[in-house]
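I have placed the structure first, in the form of structure tokens, so that the comments after it can refer back to it.
The values are calculated or read from the model by the stated rules, or taken from the named source; none is laboratory data. Predicted model only: the values in this text are computed from it and were never measured. Cβ placement follows ideal geometry from the backbone for every residue including glycine, while neighbour counts extend to all protein chains displayed.
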Amino acid sequence: MDLIHYYDAQVAVLGSLLIEPDKLSGEIMHRVRPEDFGDAPLRNIFRAAKELYLDNAPLDAVTVVERAGKGYEPLVRQILEATPTAQNWEAYPARSDKCLQGWG
């Protein structure tokens, strides 16, 4: 498995979640698990987002950074810059050979 594609799919799913949390958070939270993120910083960002979701708290880039820690702000910015749209979020894992472990 190509680690670059694996990382890109993880980033794309997180970016989609942050771009359209009202539309996608329920579906993503039910289909994706923290263990699906092989990269620890991305896994921590997902965990922060999932905690917010479970707490029925607002979920966006600012609240995720507050929950995960200020040290994650540069990575969250990179995620948002790397994800142009949330429209095709379900295709991201499939495009990288179903790299998110829980999918398929």
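Out of the residues in the stretch 68-95 that are surrounded by 18 or more Cβ atoms within 10 Å (Cβ to Cβ) and not in a helix (DSSP H, G or I), which is modelled with the lowest pLDDT? Looking at the filtered set, the residue picked out is W89. Each residue in the stretch 29-53 was checked for being closer than 18 Å to E90 by Cβ and outside any helix (DSSP H, G or I), and 3 of them qualify. The residue pairs whose first member lies in the stretch 1-28 and is closer than 13 Å to P58 by Cα and part of a helix (DSSP H, G or I), whose second member is of a type in the set (D, E) and modelled with pLDDT of 90 or more, and whose beta carbons are closer than 8 Å, counting only pairs six or more residues apart or on different chains, are L18/D60; P21/D60. List every residue pair whose Cβ atoms lie under 6 Å apart, where the two residues are 6 or more positions apart in sequence or sit on different chains, the first residue falls within the stretch 57-83 and is closer than 11 Å to N44 by Cα, and the second residue, located anywhere, is charged (D, E, K, R) and not in a helix (DSSP H, G or I). The qualifying pairs do not exist here.
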